[in-house]
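Okay, so here's the structure we're looking at.
Laboratory data are not the source of any read-out in this text; all were calculated from the coordinates shown. A quick note: this is a predicted structure, and the numbers were derived from the prediction, not measured. When we count neighbours, we look across all protein chains shown, and the Cβ atoms used for this are built from the backbone with ideal geometry, even at glycine.
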Amino acid sequence: ANWLMLQGTEKPNQAPAAKLWGFAQIEYQSTDDTKLKAGPWAGQKAAFNQMAPQLDTASGFNIRRARIGIRGANFPLDSNINYFLMAELGNNGITTGGNASQGQLTDASVTFNHLEGARVRVGLFKTPGSEELLKAIPVFNYVNFTSGTDRLLLERFFDNSTGDTARSASVGAGRDTGIQIFDAFRNGDWENSYAVMLGNGNGLALTDNDENKDLYLYLSTEKVFDNTVGPRRHGMKFYAWMQDGKRTISISGVSTEKNRKRAGLGMTYFDGKYRLAAEYITADGMIYGGTSGAALPGALSNNGTQTSSFSVLTDEKAYAYQLDFGYRVQPKLELNLRYDALDSGTEVDANYREFRTTTLGAQYFFNKKTSARLNYEIRSIDAPKLPSASAVHDILDTIDNRVSAQVTMVF
Amino acid sequence: ANWLMLQGTEKPNQAPAAKLWGFAQIEYQSTDDTKLKAGPWAGQKAAFNQMAPQLDTASGFNIRRARIGIRGANFPLDSNINYFLMAELGNNGITTGGNASQGQLTDASVTFNHLEGARVRVGLFKTPGSEELLKAIPVFNYVNFTSGTDRLLLERFFDNSTGDTARSASVGAGRDTGIQIFDAFRNGDWENSYAVMLGNGNGLALTDNDENKDLYLYLSTEKVFDNTVGPRRHGMKFYAWMQDGKRTISISGVSTEKNRKRAGLGMTYFDGKYRLAAEYITADGMIYGGTSGAALPGALSNNGTQTSSFSVLTDEKAYAYQLDFGYRVQPKLELNLRYDALDSGTEVDANYREFRTTTLGAQYFFNKKTSARLNYEIRSIDAPKLPSASAVHDILDTIDNRVSAQVTMVF
Amino acid sequence: ANWLMLQGTEKPNQAPAAKLWGFAQIEYQSTDDTKLKAGPWAGQKAAFNQMAPQLDTASGFNIRRARIGIRGANFPLDSNINYFLMAELGNNGITTGGNASQGQLTDASVTFNHLEGARVRVGLFKTPGSEELLKAIPVFNYVNFTSGTDRLLLERFFDNSTGDTARSASVGAGRDTGIQIFDAFRNGDWENSYAVMLGNGNGLALTDNDENKDLYLYLSTEKVFDNTVGPRRHGMKFYAWMQDGKRTISISGVSTEKNRKRAGLGMTYFDGKYRLAAEYITADGMIYGGTSGAALPGALSNNGTQTSSFSVLTDEKAYAYQLDFGYRVQPKLELNLRYDALDSGTEVDANYREFRTTTLGAQYFFNKKTSARLNYEIRSIDAPKLPSASAVHDILDTIDNRVSAQVTMVF
């Protein structure tokens, strides 16, 4: 599907002045709540076995997303202008961190379609990038993101590179506030698209926190099957993207500017029965580092001398990939299998971690707007560059598999 | 009226895909602002004479509730599935405490009506329980809740059992996130209903804070008069309910699990001219304990040695009841009289308090969607198990009567 | 235009039960980020050269406003009652300060039109006052407010008169919660209006923080040209207003009540081609005083002994005026010129500041609901009553001119 067009434009002469819409995702997740097997917080709860973002329980219900939005051609007589507004009222990284709260704005854009080949979109919207983040969440085929998308692309904001026990703002959510030039061009069955965006590089903050701006580039080409349309149209797509910016963060008390670069390429295939997606991502510069000892942020170590806190690696590299298969055994039932890998902190042996997850999934489509998902994630993290005597191996071995069930309802 | 059905389902083949609706309640309240007559905070403001939840003034205007919601059958061709979303933007316990804010989600549920006799509702919604909390607020006949509902059912969340000067989260608001099996069965004029729910037991948090889950049970039977329908249908209803769960709270610095059980039974009668409601509630385990010396939370005692704070009785019992009469002197004017009693902390003499309130009220219905309410509450609190020399008697004697006026507008 | 009627009423028998509407403003602002030229924070960032309200950057994109509202006659069969609800999801003074957040309620009112000549509006709404604040933001002709409106009318709330590094609540936004009696009377081409309001005097808090209430008075008369209607109707209007209240603020640790009085008069003219507006405002009592040394709130002085903080002058006076011209060179393009002056702190020489701003502007109307604005503000602040050797002259000389571009989209 073409997310640039589906999210940034409306069909000419068909859009209402204000279409009220949205969706909710209600879920249950559970792990075995295995306690940390080693390290300064041995025996305490492990962050990766708890439900995000509060990390207070290993199992429970959650209203993961509850979004309400309005979109359309605000003055229907002028089909050159359309808009998209949306707010998040669920419980996730968007509505937590710093002053974030339920009712957080996730999208607020206006698109001007006056220029042939160069539509202009201004405001807050999804940045042109990774398919996993750019696609509409209601047609995301799993409950949880891959490790690569979660840790490399879903930007966490902190005031300091180490020592913070809470995020200072909403998670980035693959969005930014700025201006984008984009369009799509049909050439027979193929649809070619591009986007160039300049943004604050400050996630959902709506405003900037420094003078630096982020640059985003995106290219895609898709062979559309049978002139299908919409977010689940049939086709084979290839795409590549990059983003490049700087962040201001306090390192040992000194306000410092650090690079944050990301790039990726991938493909998707869907013919109504078989679905395939593959993506490769690289990261350079600022990379989220998790919590000390994999303990809960704010937890006091057993000897009382350390408090676990978040860290950001400010000059590291990482790469990640995923392979995702879907098969519709019936029109209403799809079985899914996803393998994702993340190698994070490749420049310094002590930072290096290998995240590997295999996800078994099933989706049932009650109707076009309501579905249920059941996922089982087989998860591992390794640190192969550390000496075999390191306690880190036992800490990472604490990670549990995870089961999750989710209902998605679009209105 | 049948709240399980009115809130959890839509009429088959009549519901739109998205009905935008909501309501606002604008009010003015006032007490004499009598200052504490005794105790460590003598002469200072008394918490129970101030306007909730800020407790900053004894009189003033307040936007008590401003709710915006969307409900319907999201895919109208499939009448087996419906949903209900709502957010609170007014000023009350829902939008205050911890990170709560205006725009707080109060309802986000999806109901699956596929199984005969066992509808399934998942998400955040009102728990099956006390009529006073379960009924729709726009048809609540008073401005303020009874003491029993206020202190036993509207759960306050704190990190510690004593010493906190602020709530750690939204008030529970009679809601939880989880899964409910329910249905209603018509047998002649009688409608029998049941509900079984399993939830986080964490109020409006959307997620859980511990692995414990709450169980809710509910039964009702109602003789429906003249096949009337809706939230003010005529009928005579009998109901019983219980809920049972555990809470995790820090007691003297130690994270502890404590029981929280509630149960009740009651009846309602309404024939268009006369209205009657009666309810009896018991509480066991965690019970809200108010503020030290009835002073404002955070207030420094006159001798400078104590700060008034909230407390929760973690192993106590209480019971409460109410009797509520209404008489329509004209189709548009109803006179109301309510008596409610709460005996809280019945296990330990020092905890024991008797709350008694008689409320005189009038309601004027401008039209089916707009009404005004005027209430006068004659309030008293006593501590009959304390020695007559105790300063507590004078502190409790500080409580003022309260006058309130409210406009309710449903759209 | 008649804002009392446009905002407080609906056209009889034409209003829907619930009209969903709103608007978004997306902007880019920039100054030269000149650093403070003198004083304890010399060389650091100057507050007045940063983007409000975070003051973190001198240039960037911002979603200044994103408002979603619902209005109408809630029970359409009864045209005597109408309502107006709106929430702010953008980034500005409304959604920051204290516990404010995105999703903040800005309007929640119900109007009863039963009495001839005395409509009654209750709830949260714009107070009858200055044209610049009372008018609908989508038809505001500039990006930024005049200095007089910004510093005298957009009330900032603080716990203490000095020393606070953050506001304690949303900015007042020209709104209050209370009750208003108002109406408009047509006499030939002339329309005469009045409003009397009593409110909490606590801005957007929805509730009060002390027992004092604010009184608002408003009178206007407008000659309507050619029976035009709506927010951009053609006419010549004259108006006068006042508001009078008290505020409770801590001065050197002592909770104190202080007066806050404002009054003004002005006129507007618009005939479709030429637009003219003039207004004069006086302030007495509490007046916003900016930050120490014009530094960022919370910034440590170069010698490490002072932290810059906000201040409120609690017993001062000020007056301000503006002249605003518009000329439609084409039906879609308007050129604008505005001069505004504020003399603040006229009673004490050390407080006295002269703010002068000349704004050059252009507006392009893509259609009736979408426009773009480009502004260049030539700004100066002087302190003519201070000795010429004072460092304040150099500090004030730090202020930069400001360029801003904005897209406004109404749906």
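Exposure proxy for C:HIS393, B:HIS114: other Cβ atoms within 10 Å of each Cβ, ordered fewest to most, give B:HIS114, C:HIS393.
Counting neighbouring Cβ atoms within 10 Å and putting the fewest first, the residues A:TRP41, C:TRP190 line up as C:TRP190, A:TRP41.
The H on the amide N of B:ASP164, modeled in the peptide plane, is under 5 Å from the matching H of B:PHE310, each at least 5 residues off or on a different chain. Picking from A:SER388, A:SER170, A:SER130, which is most flexible by a Gaussian network model of chain A using Cα springs under 10 Å? Maximum among the listed residues: A:SER388. Between B:ALA118 and C:ALA118, the simple label model (points 7 Å from Cα in the Cβ direction) yields a spacing of 6.3 nm. Among B:ASN367, B:ASN336, B:ASN99, which one moves the most in a GNM of chain B with springs linking Cα atoms closer than 10 Å? Top of the fluctuation ranking is B:ASN367.
Taking the charge dipole of the protein assembly as shown about its Cα centre, with +1 at Lys and Arg Cβ atoms and -1 at Asp and Glu Cβ atoms, the residue from B:ALA299, A:GLN54, B:TRP3 reaching farthest to the positive side is B:TRP3.
Among residues of chain B, the one whose Cβ lies closest to the rotation axis carrying chain B onto chain A, together with that distance rounded to whole Å, is B:GLY103, 1. Taking the label point 7 Å along Cα→Cβ, C:GLY98 and its counterparts in the other copies are spaced 2.2, 2.2 nm apart, in ascending order.
The string of couplings for region A:145-153 from the Karplus curve (6.51, -1.76, 1.60, θ = phi - 60°) is 6, 5, 4, x, 5, 4, 9, 9, 9 Hz, one whole number per residue in order, with x for Gly and Pro.
Among C:GLU211, C:GLU116, C:GLU279, the largest mean-square fluctuation in a Gaussian network model of chain C (Cα springs under 10 Å) belongs to C:GLU116.
Note: region A:1-137, Cα convex hull, 144 Å³ per residue. The calculated FRET efficiency for the pair B:GLN306 and A:LYS35, based on their C-beta separation and a Förster distance of 45 Å, comes to about 0.70. Judged by the ratio a/c of the largest to the smallest principal axis of the C-alpha gyration tensor, region C:243-345 counts as oblate, that ratio being 1.5 or greater while a/b is no larger than b/c. In nanometres and ascending order, the distances from the B:LYS37 label point to those of the other copies are 6.7, 6.7 (point 7 Å from Cα along Cα→Cβ). If R0 is taken as 60 Å, the Cβ-Cβ distance between A:LEU276 and C:SER79 corresponds to a FRET efficiency of 0.50. A label point on C:LEU219, set 7 Å along the Cα-to-Cβ line, lies at 7.1, 7.1 nm from each of its counterparts in the other copies, closest listed first.
Modelled this way, with points 7 Å down the Cα-to-C-beta line, the labels at C:ALA391 and C:THR162 are 1.6 nm from one another. Rounded to the nearest 20, the size of the Cβ-charge dipole of the protein assembly as shown about its Cα centre is 2840 debye, with Lys and Arg at +1 and Asp and Glu at -1.
The residue list C:SER390, B:ILE381, A:SER255 was ranked by how far each Cα lies along the charge dipole of the protein assembly as shown toward its positive end, using unit charges on Cβ atoms, and B:ILE381 comes out on top. Per-residue Karplus couplings for region C:62-78, computed as 6.51 cos²θ - 1.76 cosθ + 1.60 with θ equal to phi - 60°, are listed in order as 8, 8, 5, 9, 8, 10, 10, x, 9, 9, x, 9, 4, 10, x, 6, 10 Hz, Gly and Pro entered as x. Taking every Cα-Cα distance in region C:19-67 and sorting them into 5 Å bins from zero, the calculated P(r) comes out as 5, 20, 22, 16, 13, 8, 7, 5, 2, 1, 1 percent.
Each residue of region A:382-397 was assigned a 3J(HN,Hα) from its phi angle through the Karplus expression (A = 6.51, B = -1.76, C = 1.60, θ = phi - 60°), giving 10, 10, x, 8, 8, x, 5, 7, 5, 5, 4, 4, 5, 4, 5, 5 Hz with x at Gly and Pro. Charged neighbours of B:GLN180, selected by a Cβ distance under 12 Å, balance to +1 (K, R count +1; D, E count -1). Between C:ASN259 and B:LYS11, how high is the FRET efficiency from 1/(1 + (r/R0)^6) when r is the Cβ-Cβ distance and R₀ = 60 Å? Nearest 0.05. According to the calculation, E is roughly 0.60. The C-alpha atoms of region A:372-411 occupy a region whose extents along the principal axes are 53, 14, 11 Å, arranged from largest to smallest. Between B:ASP349 and B:PHE185, the contour length at 0.36 nm per residue exceeds the alpha carbon distance by 54.5 nm. Charged neighbours of A:LEU335, selected by a Cβ distance under 13 Å, balance to +4 (K, R count +1; D, E count -1). Spin-label model, B:VAL329 to A:ASP382: label points 7 Å out along the Cα-to-beta-carbon direction sit 8.3 nm apart. Taking a sphere under 12 Å around the Cβ of C:ILE63 and counting the other residues whose Cβ falls inside, with K and R at +1 and D and E at -1, yields a net charge of -1. Under 8 Å for C-alpha pairs, at least 6 residues apart: give me the relative contact order for chain C, rounded to a whole percent. After rounding, I find 16 percent. Decide, for the protein assembly as shown, between rounded, prolate and oblate: order the square roots of the alpha carbon gyration tensor eigenvalues as a ≥ b ≥ c, take rounded if a/c falls under 1.5, and otherwise choose prolate if a/b is larger than b/c, else oblate. It comes out rounded by the Cα gyration axes. With viscosity set to 0.890 mPa s at 25 °C, what whole-number translational diffusion coefficient in µm²/s follows for region C:205-277 from Stokes-Einstein and a Kirkwood radius over Cα pairs? Stokes-Einstein gives a translational diffusion coefficient of 160 µm²/s. Rounded if a/c is under 1.5, else prolate if a/b beats b/c, else oblate: with a ≥ b ≥ c from the C-alpha gyration tensor eigenvalues square-rooted, which is chain B? Prolate shape, in that a/c is at least 1.5 and a/b is the bigger ratio. Stretched out straight at 0.36 nm per residue, the stretch from A:ALA405 to A:GLU211 would grow longer than its current Cα-Cα span by 65.6 nm.
Fewest neighbouring Cβ atoms within 10 Å first, the residues C:THR228, A:THR248, B:THR177 line up as C:THR228, A:THR248, B:THR177.
May I ask which residue of C:VAL229, B:ALA278, A:ILE281 lies farthest towards the positive end of the charge dipole of the protein assembly as shown, with charges of +1 (Lys, Arg) and -1 (Asp, Glu) on Cβ and the Cα centre as origin? Toward the positive end, the furthest listed residue is C:VAL229.
Under 5 Å between amide hydrogens, built in the peptide plane, is the criterion, and for B:GLU155 it picks out B:GLY172, B:ALA173, B:GLY174 among residues at least 5 positions away or on other chains. Scan around A:GLU191 for amide H atoms under 5 Å from its own, H built in the peptide plane at 1.01 Å from N, and keep only partners 5 or more places away or cross-chain. HN-HN under 5 Å from A:GLU191: A:GLU222, A:LYS223, A:VAL224. Among the listed pairs C:LYS19/C:LYS213; B:LYS368/C:LYS11; A:LYS213/C:LYS368; C:LYS45/C:LYS126; A:LYS126/B:LYS126; B:LYS237/B:LYS369, those whose Cα-Cα separation exceeds 26 Å are C:LYS19/C:LYS213; A:LYS213/C:LYS368; C:LYS45/C:LYS126; A:LYS126/B:LYS126.
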